[in-house]
Amino acid sequence: MATVRLPDNPSLTQLRKLAKDIRDLARAGDEGVLALVGEHHPDGAGPVPLAGAQLVVARHHGFPSWAALKRHVKTIEHYRRFPDQVNETGAAGDGGPSDIVGEFLLLACLRYGGDDVPARWERARRMAAEHPAAIRASVHAAAAAADPDALATLLADAPGSAAEPGGPYRWEPLLYLAYARHDPTVTEAATLETARLLLAAGADPNAGYLWHGLIPPFTAVTGALGGGEGAAPPHPHGYALARALLAAGADANDGQTLYNRQFTPDDSHLELLLAHGLGQGDGGPWRARLGDRQDSPDQLVRGQLWWAVTHDMAARVRLLAAHGADIATPFAAPASRGPSWRVSYGKTPAELAALCGCPAALGALLAAGAPHPELTGADALIAAVLAGDAPAVEELRPHAAEARRRRPGLAVWAASRRTWPAMPVLAELGFDLNALARSDVPMEQRWESALHCAAGEGEVDGVRLLLELGADPNVHDARFDATPLGWAEHFGQEATAALLRPVAAV
């Protein structure tokens, strides 16, 4: 039975409306809806009452019943927060603060919005210095300020407040501590004593929230360690704080922390999580709440291995292999996640490393005992092109058409790997150097061209080579409708911008 992944940040109102539409369209004899009903309703295709239509909606999204789907959506609604939409005037989100404490908390914390910048945090630091009495009168503010003396007094008066959501983000105090970034001079001792007091008074070490309703959760450990696509800074004592949280029972199978920290070669976060049980257990309270919409411990480790392999992170591959990661089994798309979108599914880690032009990762896998890649046909040709194996390319040339069909945007991935010698080979084999694909993961999704990638990364030699091979300097990417010159200028890459200006359309 085919299922479709539930949309991010689902709405029970919209799902109820969908069920009503299915009921009405099935009664009207709509063939597509009747086929959907036939696939998911035990009585087969035909008109259904509202309860039957709700069952179809639930099973279509992989839930056994409407009640199970409803419970899941209500769980998301309970933990859903929009911290980046809250402002001083209460114009968005759950309403902005009108008091000193609320404004301090709003400004002091990392919230993964477009304004996570030092200037905002400096304003919070000044507020704390100017209004110390107000800050010391609030459990949430005292936690953010890592003021254990004030916190001890407050908790003595109201011990239950250690686990109470509050403040502008409706966070528990432990989250305000973990996400605070306003005071780089806060001491490790004050940070850890603040955490100890909260935990002793009943704070949940697995405290977290669903940013815009998305899974996985942003936990206290996530906040302590920072990171993400915008490279948000960690807490000044993030590792010490994260270690204390993990020792107190925070589950190490923390998907958002793993995602946020996977982009750089630093593996210290991974070492910490592995030491505290990453890849083991049942996934902790968040997986209990969210079910298989939250990755299992094994899926989290395999996901980290996938990222390390596709980005040639040999040290990370070695670390994961040393901790028992499966380096032999082909990667597979979970059944509940819909159609596979990564070209790597069905390939072993070593085969994937070869297909992605990642020799260091391949060497680490083989040294750890992974089976040698066994690629044939078009896959073997793609690996040979990225490896610069000219004799193999010549021998496998008859498979060029199939290779182009499978990886039409291969030039984009080659550009992301800086494998510039592959570009003339790709052009000679008939690959379109202007094709759009993703450069962050090996995925055939129309995003940007190889020239966009080279221009935005400041790769002068790459831009020059692509232009010599006939790449179009005026092609627009599919997300921002910008040219390679626009990318170069946006990312402050003057050297590549200078190469593109003379050939760009006016």
- How many residues does segment 427-439 contain that are of a type outside the set (Lys, Arg) and within 21 Å of Gly456 (Cα to Cα)? 7
- Name every residue in segment 228-254 that is buried (at least 21 other Cβ atoms within 10 Å of the Cβ) and more than 19 Å from Trp171 (Cβ to Cβ), in order of residue number. Leu246, Ala252, Asn253
- Item | Condition broken by Gly430, with the remaining ones in (1) over 13 Å from Leu386 (Cα atoms); (2) touching a Cys at 6+ places or on another chain (Cβ under 6 Å) satisfied | (2)
- Message: On the basis of being of a type outside the set (Gly, Ala, Ser), in contact (Cβ under 8 Å) with a residue 40 or more places away in the chain and within 26 Å of Asp292 (Cβ to Cβ), does Leu36 make the cut?
- Response: no
- Message: Quick check on segment 244-267. Is at least one of its residues more than 30 Å from Val4 (Cβ to Cβ) and of a type in the set (Val, Ile, Thr)?
- Response: yes
- From the list Glu188, Glu172, Glu164, which residue is within 25 Å of the chain's Cα centre (by Cα) and charged (D, E, K, R)? Glu172
- Glu394 fails exactly one of (1) modelled with pLDDT under 95; (2) of a type in the set (D, E, K, R); (3) part of a helix (DSSP H, G or I), namely (1)
- Message: Can you go through Gly255, Gly284, Gly346 and tell me which one is over 17 Å from the mean Cα position of the chain (by Cα) and in contact (Cβ under 8 Å) with a residue 24 or more places away in the chain?
- Response: Gly284
- Message: Anything in segment 125-140 that is in contact with an Asp or Glu (Cβ under 8 Å, 6 or more places away or on another chain) and either hydrophobic (A, V, I, L, M, F, W, C) or at positive phi (or both)? List them, or say none.
- Response: Met127, Ala128, Ala134, Ile135, Val139
- Test: residue in segment 125-142 that is assigned to a helix (DSSP H, G or I), under 29 Å from Arg196 (Cα atoms) and touching a strand residue (DSSP E or B) at 6+ places or on another chain (Cβ under 6 Å): yes
- Item | Complete set of residues in segment 466-487 that are hydrophobic (A, V, I, L, M, F, W, C) and either surrounded by fewer than 21 Cβ atoms within 10 Å (Cβ to Cβ) or touching a Lys or Arg at 6+ places or on another chain (Cβ under 9 Å) (or both) | Leu467, Leu469, Val475, Ala478, Phe480, Ala482, Leu485
- Scan segment 204-227 for residues that are on the phi > 0 side of the Ramachandran plot and surrounded by fewer than 19 Cβ atoms within 10 Å (Cβ to Cβ) and jot them down. His212, Gly213
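Residues that are in contact (Cβ under 8 Å) with a residue 40 or more places away in the chain and part of a loop (DSSP other than H, G, I, E, B): does segment 421-435 have at least one?
So far as segment 421-435 goes, yes, one or more of its residues are in contact (Cβ under 8 Å) with a residue 40 or more places away in the chain and part of a loop (DSSP other than H, G, I, E, B).
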- Message: Against the conditions (1) of a type in the set (Asp, Glu); (2) touching a residue at least 24 places away in the same chain (Cβ under 8 Å); (3) over 18 Å from Ser439 (Cα atoms), where does Asp477 fall short? Just the number, please.
- Response: (3)
- Query: Of the residues Arg16, Arg23, Arg80, which single one is surrounded by 14 or more Cβ atoms within 10 Å (Cβ to Cβ) and in contact (Cβ under 8 Å) with a residue 40 or more places away in the chain?
  - Reply: Arg80
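Rundown of residues vs (1) among the small types (Gly, Ala, Ser); (2) more than 31 Å from the chain's Cα centre (by Cα), yes/no style:
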| position | (1), (2) |
| --- | --- |
| Cys356 | no, no |
| Gly388 | yes, yes |
| Ala403 | yes, no |
| Glu428 | no, yes |
| Leu451 | no, no |
| Ala455 | yes, no |
- Message: Please go through segment 146-179 and give me each residue that is among the aromatic types (Phe, Trp, Tyr) and either in a loop (DSSP other than H, G, I, E, B) or over 21 Å from His212 (Cβ atoms) (or both), ordered by number.
- Response: Tyr169
- Where in segment 1-75 are there helices (runs of 4 or more DSSP H), lying fully within it, with 1 or more residues that are under 24 Å from His212 (Cα atoms)? 12-27, 50-60
- Message: Checking Val86 against (1) buried (at least 21 other Cβ atoms within 10 Å of the Cβ); (2) at pLDDT 95 or above; (3) touching a Pro at 6+ places or on another chain (Cβ under 8 Å), only one condition comes out false. Which one?
- Response: (2)
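The values are calculated or read from the model by the stated rules, or taken from the named source; none is laboratory data. Quick caveat, the model's predicted, so the values are computed rather than measured. FYI the Cβ positions are ideal-geometry reconstructions off the backbone, even for glycines, and counts take in every protein chain you see.
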